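The structure appears below as structure tokens.
Each value in this text was obtained by applying a stated rule to the coordinates, not by laboratory testing. Computed from a prediction, not measured in an experiment: that's the story for all the values here. Backbone-built Cβ (ideal geometry, glycine too); neighbour counts: all protein chains shown.
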Amino acid sequence: MKKIRLATLWLDGCSGCHMSILDMDEKLIEIAPFIDVVYSPYVDTKEFPKDVDLTIVEGALSTDHDIAMIKKIRENSKLMLALGDCAITGNVSAMKNLFGSDVVLERGYLDLADINESKEYPSKIVPKLLDKVLPLHEVVHVDYFLPGCPTPSDAIYEMLKALIEGREINIHSLTRFGK
Amino acid sequence: MIREKVRVKSFKINDICVTGQSNQTILEVARDNNIEIPTMCYLEGLSCVGSCRMCIVEIKGSHEPTPACTAKIKEGMEVTTSSPQIEAARKMILSMMFSERSHVCSTCVANGDCELQSKSVELELEHSEVPYLNQRFEIDASHKNFVNDPNRCILCTRCIRVCDEIEGAHALDLAGRGLNMRIVHDMDEPWAASQSCTSCGKCVYVCPTGALYEKDISEEEVIKKRGIITELIKNRSQR
């Protein structure tokens, strides 16, 4: 049987959902024979590969770099799964939307800074913040949604198992927004 | 006053023959017959305003969906409580509730005890079908015991109704229109300055979300006593 080429992506989130994947513990061993992790914070691949079967995305879209990356990744992924509330609703990452990016930058780099003589925000190398943090599905097509903050590891396990076995599952008995 | 005579009416819900009294609503008769219709703003014992539109049903011959909580029954009517159109409309309504304000479950005291959250499971909604509006409202934390956070409000008006109809104070009401509408105290004064609020806390107990909550308690300690109001009304009517 051909292994599922799996990628996982960590955007604007706390990595809690990636922790939740690891929280599958011994079930990871059960899943491992069917999956080839080709791109992820768990592995050291620099470029996003072509022909990925499934990309699991944690976190919301916060920067111009996130947008460019997610569009490229969508082109190279057969299926995309939004994992956790940040990817689905914006959640904590999108709380700054109520105040705007400038207020957040001012707070971080001026108000709370001990040393910032030039009174400037970082503008080189680091990506530019979007005006509004966006959930994944507002920018690219998303095939599956698995909400939760974080998504419980059992829900991730059941979802992956169903995808491996090629069957549909009802995720609503496994997880929801929040806890 | 001439009272309208209460008559028994027969009609159909989902092709099941049911009977009810002419002063009953479709929702009441449905519940009497164990037919489930999802609700949000409805709370047994309070008046029905049909503000959330969650309980919409189809009535044969009518072109638009009707809220079951405010529609009185009619002889021979044929009601359908679930269809692909109704399900889609309910999901859209729920999406609009989620997107209109900032419902961040993970930072909310009502996380795990929220009717909006549990409704998403019931209606199987795992993402909003409309973009988020990201509106910000000022929080009123002036009261010594309670907080009013309009960012988590779905404008069901349960708090207004319980304050007016059960406590008899009518300290709360709506201000503003459309997207800017919010719950206010008296003439839009800080909660602590409200002359009519008795600080009974009934509004906090009936709030379906974390919009009204008790101060200084954690998410684990939040207990929404929504049923207590229904019990209170039953006990009073028995006197």
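Both radii come from the Cα set of the stretch A:1-97: Rg as radius of gyration, Rh as Kirkwood radius; their ratio Rg/Rh reads 0.97. For B:K72, the lysines whose Cα comes closer than 18 Å to its Cα, not counting residues fewer than 8 places off in the same chain, are B:K5, B:K9, B:K12, B:K60. Cα centroids of the stretch B:175-210 and the stretch A:122-179: 35 Å apart. Put simply, when A:153-159, B:24-30 are sorted by average Cβ atoms within 10 angstrom per residue, most first, you get B:24-30, A:153-159. Starting from one equal scatterer on each C-alpha and no solvent at all, send me the Debye-based log10 I(q)/I(0) for the stretch B:9-107 at q = 0.17, 0.18, 0.19, 0.25 Å⁻¹, two decimals. Here the Debye-derived log intensity ratios amount to -0.75, -0.82, -0.90, -1.40. Between helix A:153-165 and chain A there is an angle of about 50 degrees, using the helix long axis and the longest principal axis of the Cα atoms.
Remark on A:I4: its backbone amide H falls under 5 Å from those of A:I35, A:D36, a criterion applied only to residues 5 or more positions apart or on other chains, H modelled at 1.01 Å from N.
The GNM of chain B, with springs linking C-alpha atoms under 10 angstrom apart, assigns the highest mean-square fluctuation among B:V79, B:V121, B:V184 to B:V121. A straight Cα-to-Cα reach below 19 Å connects A:K3 with the lysines A:K27, A:K50, A:K78, A:K161, residues fewer than 8 places away in its own chain not being considered. Computed from Cα positions, the angle between helix B:84-100 and the longest principal axis of chain B comes to roughly 10 degrees. Compute the orientation-averaged projected area for the stretch A:88-142 from the convex hull of its Cα atoms and round it to one decimal in nm². Computed as one quarter of the Cα hull surface, the answer is 4.8 nm².
Helix B:226-237 and the long axis of chain B differ in direction by around 60°, with both axes built from C-alpha atoms. Measuring nothing but how far apart in sequence close Cα pairs (under 8 Å, 6+ apart) lie, relative to its length, chain A scores a relative contact order of 26 percent.
Among B:T157, B:T70, B:T198, the largest mean-square fluctuation in a Gaussian network model of chain B, built with springs joining Cα atoms closer than 10 Å, belongs to B:T198.
Partners of B:K225 within straight-line reach, counting lysines whose Cα lies under 28 Å from its Cα and excluding those fewer than 8 residues away in the same chain: A:K179, B:K91, B:K119, B:K144, B:K202, B:K215, B:K234.
Viscosity 1.306 mPa s, temperature 10 °C: what is the translational diffusion coefficient of the protein assembly as shown from Stokes-Einstein with a Kirkwood Rh over Cα pairs, rounded to a whole number of µm²/s?
Values: Rh = 24.2 Å.
Here the translational diffusion coefficient equals 66 µm²/s.
Here the extension length gained between A:V103 and A:D154 equals 14.5 nm, from 0.36 nm per residue of separation less the Cα-Cα distance. With springs only between Cα atoms under 10 Å apart, run a GNM on chain A and tell me which of A:L79, A:L112, A:L61 wobbles the most. Checking each option, the largest mean-square fluctuation is seen for A:L112. Here's the picture: a label point sits 7 Å out from the Cα of B:C17 along the beta-carbon direction, and within the stretch B:65-89 the residues with their amide nitrogen under 13 Å of it are B:76. Take the Cα of A:M19, step 7 Å toward its Cβ, do the same at B:N235, and the gap between the two points is 4.4 nm. A cut-off under 13 angstrom between Cβ atoms defines the neighbours of B:K144, and their net charge, with Lys, Arg +1 and Asp, Glu -1, is -2. Paramagnetic label reach from B:N145 (point 7 Å along Cα→Cβ; backbone nitrogen cut-off under 17 Å): within the stretch B:168-207, residues B:168-172, B:191-207.
Could you give me D for the stretch B:88-237, from Stokes-Einstein at 4 °C and 1.567 mPa s, where the hydrodynamic radius is the Kirkwood radius over C-alpha pairs? Units µm² s⁻¹, please. Rounded to a whole number, D works out at 81 µm²/s.
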